[in-house]
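Here is the structure we will look at, set down as structure tokens.
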Amino acid sequence: MQDYPRYITPSFPPFDPIELAKMTEQIVCRGASRKYTAFYKVGVYGGISTGYTIGCCLRCVYCWVEWSRDFPESHGKFFTPKKAFQNLLLHAKKKRVSKLRISGGEPTIGKDHLLGVLEFVKTTNYLFILETNGMLLGYDQDYVKSLNKFSRNLHVRVSLKAGTSEGFQKRTGAVGKFYELPYLAIRNLKETNLEYHVACMSDPRVMPSQERNTMLQKLKEIGFHGYLEEEFCDPYPTAVVRLEKAGYHLFE
Ligand code: SF4
């Protein structure tokens, strides 16, 4: 088994992101329980109750999340789906917001946990926003199908990292050939009743304009013509360190 990948450095060996999802699940999940560090409300989406979970299957150079992404074994406490949902609800009620999400890591890692949380959300009128890098939803079509029954309460946001395999490997640390998976996730979502939209980290400081054009072309080819949310790198302390360790100096 490969060593657990932390953050990208110039000599970083690329990893298999599906294997990393499995390795991470072994660390951050116990049965249907998953590790979180906190629950709170934030202002995005007009106000959303957020569970800050742990663990991801990519190592994006501009990632803003805490070091719990890189060292998941040292952070967080396990929460059952019921307890996680109760905490999400508590903060939603306290701050009078109608949306819920799991952030701070990749929420599709630990399928039993996510589906368990969604079973509770389904009994309410809250909207759950599933922010995903699309790796597992592209890899496992049945996963997407199993989300379909939550369509009344679910909106999926797929975040693209690259338009080419080279760009994907350079900025996520994962082996380049896996770069198609988020596009497959979008294609899989198109075949469901789920509401979704697509985001991409197309900041020209990290994604060359030619690669952005390739990404737009690929989206057209899979029949995606909807709203594209383009993201920019922000100087969060963890993002600044990760970028510098990978050899990017965006904020000097
Ligand atoms: S930016 Fe998102 S997908 Fe990339 S490493 Fe961070 S949490 Fe994972």
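The values are calculated or read from the model by the stated rules, or taken from the named source; none is laboratory data. Computed from a predicted model, the values in this text were never measured in an experiment. Cβ: placed from backbone, ideal geometry, glycine included. Neighbour counts: every protein chain shown. Protein only, heavy atoms only, side chains kept; ligands, DNA and RNA dropped before computing areas. Shrake-Rupley method; radii C 1.70, N 1.55, O 1.52, S 1.80 Å.
Observations on the model:
- Flag for Tyr248 being of a type in the set (Phe, Trp, Tyr) and either farther than 20 Å from Arg69 by Cα or in a helix (DSSP H, G or I) (or both): no
- Sole residue being hydrophobic (A, V, I, L, M, F, W, C), in contact with an Asp or Glu (Cβ under 8 Å, 6 or more places away or on another chain), at pLDDT 95 or above and open to solvent by less than 70 Å² (accessible area, probe 1.4 Å), chosen from Met207, Met215, Met201: Met201
- Being part of a strand (DSSP E or B), of a type in the set (Val, Ile, Thr) and open to solvent by less than 20 Å² (accessible area, probe 1.4 Å) is a property that holds for Thr50.
- Count of segment 1-47 residues which are part of a helix (DSSP H, G or I), in contact (Cβ under 8 Å) with a residue 24 or more places away in the chain and open to solvent by less than 60 Å² (accessible area, probe 1.4 Å): 7
- Qualifying residues in segment 59-99 (those that are touching a helix residue (DSSP H, G or I) at 6+ places or on another chain (Cβ under 7 Å) and of a type in the set (Lys, Arg)) - the one nearest to the ligand (Cβ to nearest atom): Arg59
- Taking each residue of segment 229-247 that is over 25 Å from Tyr45 (Cα atoms) and open to solvent by less than 50 Å² (accessible area, probe 1.4 Å) and looking for partners that are aliphatic (A, V, I, L, M) and assigned to a loop (DSSP other than H, G, I, E, B) with beta-carbon atoms closer than 8 Å, six or more apart or interchain, yields Arg242/Ile8; Arg242/Val61; Leu243/Val61; Leu243/Leu250; Ala246/Ile8; Ala246/Val61.
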